[in-house]
Amino acid sequence: QVQLVESGGGLVQPGGSLRLSCAASGSIFSSNAMGWYRQAPGMHRELVAVISSDGTTTYVYSVKGRFTISRDNAKNTVYLQMTSLKPEDTAVYYCNKYPRTDTLWGQGTQVTVSS
């Protein structure tokens with residue numbers, strides 16, 4: 001059974017940085033695009049960034065230039081480096097395949113940006 005485990009979230013001041021990690025059990029990375037998603041309170045879950053199997057990246061406009069998605073297929077891990085964080089980045093962050101598979105959601109990791 002494939003599982004996704006996100007980690008690295010926390011409380012950070014505006015302008016700060018965090019690096020999220022997503023580890024998968026099972027070999028789902030090597031041939032799949034992976035994405036980071038987030039869900040703020042009262043909002044729908046939204047796609048934040050995607051990395052293809054060959055390393056091509058795509059970002060939602062609101063995080064472009066501030067977030068960087070990367071992957072290590074040997075470790076079955078995908079990362080999200082977040083810099084210049086803003087209060088509106090506050091959300092629970094999840095990873096999943098892209099397009100997402102709703103049976104694969106992990107517990108997510110909370111990111112709170114506040115002074």
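Summary table below
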{"item": "Summed residue charge, Cβ within 11 Å of G108's Cβ, Lys/Arg positive, Asp/Glu negative", "result": "+1"}
{"item": "Surface share of carbon and sulfur [accessible, 1.4 angstrom probe, percent] for the chain", "result": "49"}
{"item": "Sequence of D54, D89, D72 from largest to smallest accessible area, 1.4 Å probe", "result": "D54, D72, D89"}
{"item": "Solvent exposure of the chain as accessible area per residue, Å², 1.4 Å probe", "result": "52"}
{"item": "Net dipole in debye of the chain [+1 Lys, Arg Cβ; -1 Asp, Glu Cβ; about Cα centre; nearest 20]", "result": "100"}
{"item": "Cα-based reach from K75 at 18 Å (exclusive), listing lysines while leaving out same-chain residues under 8 positions away", "result": "K97"}
{"item": "The chain - share of DSSP beta bridges that are antiparallel (%, nearest 5)", "result": "90"}
{"item": "Alpha-carbon radius of gyration plus Dmax, which is the widest Cα pair, for region 47-115 in Å", "result": "12.5, 38"}
{"item": "Reduced Cα scattering model of the chain, Debye log10 I(q)/I(0), q = 0.13, 0.21 Å⁻¹", "result": "-0.43, -1.14"}
{"item": "Karplus 3J(HN,Hα) series, Hz, for region 80-86 with 6.51 cos²θ - 1.76 cosθ + 1.60 (x for Gly, Pro)", "result": "9, 8, 10, 10, 6, 5, 10"}
{"item": "Length released on extending from E88 to D72, taking residue separation times 0.36 nm less the Cα-Cα span", "result": "2.9 nm"}
{"item": "Highest-fluctuation residue, A74, A24, A91 considered, GNM on the chain with Cα pairs under 10 Å", "result": "A74"}
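The values are calculated or read from the model by the stated rules, or taken from the named source; none is laboratory data. What you are looking at is a predicted structure, and each value in this text was computed from that prediction instead of being measured. Don't worry about glycine lacking a Cβ; one is built from the backbone with ideal geometry, like all the others, and counts go over all protein chains shown. We work out accessible area using only protein heavy atoms, side chains counted, and drop any ligands, DNA or RNA first. Shrake-Rupley method; radii C 1.70, N 1.55, O 1.52, S 1.80 Å.
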